[in-house]
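The structure under discussion appears below in the form of structure tokens.
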Amino acid sequence: MSDGIDFSLLDLFREEVRAHTVTLSQGLVELEAEPTPQRIEPLMRAAHSIKGAARIVNVEPAIGLAHVMEDALVAAQHGKIHLGADDVDVLLRATDVLASLGQVTDDVLADWGRERAGDLAELKGALQAIATGTPAPGTALAAVSHPPAPERMPVGSPLEVVPAAPTPATPSVQVVAPPAEVGEAVVRVTAESLNRLMNLAGESLVQARWLQPFSTSLLKLKKHQDHLAALLDNLAQALSEPGRAEQLPGLVSEARRQAGHCRHVLADRIGEFEDHAGQAEGLNSRLYHEVIVSRMRPFADGAHGFPRLVRDMARRLDKQARLEVAGQDTEVDRDILDKLEAPLMHLLRNAVDHGIESPETRRAAGKPEGGLVRLEVRHLAGMLAITVSDDGGGIDAERLRRKVVERGLAAPEVARSLSEAELLEFLFLPGFSTAAELTEFSGRGVGLDVVHTTIHEVGGLVRASTRIGQGTAFHLQLPLTLSVVRAVLVEIAGEPYAFPHNRIDRLLRVPRGDVRSLEHRQFVTVDGRNVGLVVAAQLLDLPAGPAAPGDELLVVLLSDRTGQYGLIVEKLLGEQDLVVRPLDARLGKVPTISAAATLDNGSPVLVADVEDLLRSMDQFVQTGSLQRCVRDETATVRRKRVLVVDDSITVREVERQLLRNRGYDVAVAVDGMDGWNAVREGGLDLVVSDVDMPRMNGLDLLRAIRENEALRELPVIIVSYKDREEDRRRGLELGASYYLTKGSFHDNTFLQAVSDLIGEP
């Protein structure tokens, strides 16, 4: 192997090896399930391409290994040999060696081949034996056809690297796993997407260049406005000097002409600006969506090794299983795709180990000997839906119920009352396992807990379903992207907060009369289940804002596997797509808050951490420190108090009934003097007064209130039979908050005025 290799060519070689070994790994698994000549052709081309690339950079180990792989595949394509499962094992091991060679750094590449010359020669011997159809005892991977029991088997899947000493019959060709990437330095973007981004960037540049001429035109308009201002000053001076009267017509004409010119220019600029604003909004929207698209990758990019994982694990467990992937072209955010690998690997292992039965058991049950594991990916209702299912024996609910009791997770009487869906939630608890004994793959109870934790970290949900004798399915629901969140906006303590749409069960309007109390807790019944109510302002350590008007509570229903709670908010503000931004790292972990975003109007909004909120709810409930969201009927509640002053008993009663029916506390006075005495007693939020009354009329009462230092801010509504303009003018001059006629009682004007001034009761 030459020491003078061009390192840039080596980088290209590594990239090519990575691509072709993915093709080999996937294709060999498919070839084993469906051995047809058509499936061999792309594998042969991949081996041939690796050989040619290795020859260019003079990497001898890859040249020789790829050459014998190509010979074996050509022989199979021409029908000279039949590739069995053991032969595929050898070819897969050779693929792993080539893949690991693509990861070897430049400084150790020369030594790598020399140190493993013997093992590589043994592996090439096994491949040559396959190509010629002659058995080669003792060659590489001879032991694979008789895999050891799972309890003592080293895990050697290319997707699962666990240090283990090789068995005596297996040569020590070590497969070096790719190092984990700590944040991608390079993001793959399709040429088509990059071209669109370039076009959009060009459009954006053109749009930006429009601003300077527009600014220049505004400066010209300012000059015209300055000229007009000078003309008006000159005109004003001419008016004040009698001797310049003859100049007035000319100045007025010039001022009108200049004003007309300014209006014309301003109208043109406004039209131009509106057109540009519309174009800029469309351009920014397209640019934003294209950037989001550039972050998306087909699901297949993260699923290359899954068929191999299922195939190898089934071989080790003496089972037959294959993986079927549906929706490989489904676009997934690259950050989510990276985080999905570990949980999906756990679920696939779980399906093969726990789900798929042995060939004998399946044959006795009337099933095909080979089991099917299905991975389905699709977009559903603005979310990414993933289902991992198998056609195995399913989960025995009664056996699971016994495990729950044995582990002390529920009392026997409680366990008996649990539904199947509730029982399956125990599978996701840390350390919980249904395995009868500890093996390399089962019994530790860490797999599904990892799945649950990882999926929830990205704002997703996971649930299980099963049918005895027919199989088990795990359903994952995740956001399409981590950078944009569809959120429900609510108001808490007068401030907006965002709740990720996928973490909300329901939004409810709960009649206050439906809220019940038990000890220190308040709850409401939803779909036959009691749901505890918690005031959102208390969880966020904020002063409680005004409650929602009317006789209803606004409740955001949240849940996790431990329970369900209702979060009481003050207002529902609607839904919006938010571009999420992480909080400054210097803040550390902010309780109950996960991120920040900007609303369409430019205002900032905090994004709630639903997991943290649920933990806080549980803590408040357990400690009994909850604020009451609905007070006892016996509790004294101060309603807003309104004084009605009118000498007509009919008018007083009409106003009193209208206000009481709305929920206000109403006091009455028979004339102005009686009203003034009531006002000085205090405790009023509003005064409603007639104008024409004995002893003191309404306008005098208003004047007395406004002249009193302690009462001058008290709102006053004047209501008169007569719509006299002088009374209206005097009332408003004296400081009336509203001046209405008695006709306002026939519509909603009167009550709306009261609500505008002092709010709802």
**OP:** For Arg503, Arg257, Arg116, give the ranking by accessible area with the largest first, probe 1.4 Å.
**Re:** Arg257, Arg116, Arg503
Original post:
If you add up the charges near Asp333, with Lys and Arg at +1 and Asp and Glu at -1, over every other residue whose beta carbon is less than 12 angstrom from its beta carbon, what do you get?
Top reply: 0
Original post:
Tally Lys/Arg at +1 and Asp/Glu at -1 over every other residue whose Cβ is under 10 Å from the Cβ of Pro298; what's the total?
Top reply: -2
Original post:
Can you work out the FRET efficiency for the pair Asp584 and Phe273, with r the C-beta to C-beta distance and R0 = 45 Å, to the nearest 0.05?
Top reply: 0.80
**OP:** Round to the nearest 10 and report in Å² the accessible area of Asp541, as given by a 1.4 Å probe over the protein chains' heavy atoms.
**Re:** 140 Å²
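Can you check what the net charge comes to around Gly64, using other residues whose Cβ is under 10 Å from the Cβ of Gly64 (Lys, Arg +1; Asp, Glu -1)? List each step's numbers first, then the result.
Values: positive: Lys51, Lys124; negative: Glu60.
So the environment of Gly64 carries a net charge of +1.
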Original post:
Which of the lysines could be linked to Lys319 by a straight reach, that is with a Cα gap under 20 Å, when you skip same-chain ones fewer than 8 residues away?
Top reply: Lys367
Subject >> Largest to smallest accessible area among Arg656, Arg581 [probe 1.4 Å] >> reply: Arg581, Arg656
Subject >> Residues Ala342 and Val405, FRET efficiency given R0 of 22 Å [Cβ-Cβ distance, rounded to 0.05] >> reply: 0.10
Original post:
Tell me, what is the FRET efficiency for Ala85 and Ser755 to the nearest 0.05, using R0 = 60 angstrom and their Cβ-Cβ distance as r?
Top reply: 0.15
Subject >> Solvent exposure of the range 216-267 as accessible area per residue, Å², 1.4 Å probe >> reply: 68 Å²
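Give the relative contact order (percent, whole number) for the range 1-134; include only Cα pairs under 8 Å separated by 6+ residues.
RCO, the range 1-134: 33 percent.
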Original post:
How much of the accessible area of the range 294-425, probe 1.4 Å, is carbon plus sulfur, in whole percent?
Top reply: 47 percent
Original post:
How much length is gained on full extension from His227 to Ala245, taking 0.36 nm per residue of separation minus their Cα-Cα distance?
Top reply: 4.4 nm
Original post:
Stretch Glu290-Thr36 to full length: gain in nm at 0.36 nm per residue minus the Cα-Cα span?
Top reply: 87.3 nm
**OP:** Using a 1.4 angstrom probe on the protein heavy atoms only, line up Thr525, Thr21 by accessible area, largest first.
**Re:** Thr525, Thr21
Subject >> Inter-site label distance for Leu572 and Asp612 at 7 Å from Cα along Cβ, in nm >> reply: 2.6 nm
**OP:** Report the extension gain between Asp514 and Glu324 in nm, rounded to one decimal, defined as 0.36 nm multiplied by the number of residues separating them, less their alpha carbon distance.
**Re:** 63.4 nm
**OP:** Keeping all protein chains in position, work out how much accessible area Asp756 exposes to a 1.4 Å probe, and write it in Å² to the nearest 10.
**Re:** 90 Å²
Original post:
With every protein chain in place, what's the accessible area of Val524 (1.4 Å probe, Å², nearest 10)?
Top reply: 10 Å²
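The values are calculated or read from the model by the stated rules, or taken from the named source; none is laboratory data. What you see is a predicted model; the values in this text were computed from it and never measured. Ideal geometry is used to build each Cβ from the backbone, glycine not excepted, and the neighbour counts take in all protein chains shown. Surface accessibility is based on the protein's heavy atoms, side chains included, excluding ligands, DNA and RNA. Shrake-Rupley method; radii C 1.70, N 1.55, O 1.52, S 1.80 Å.
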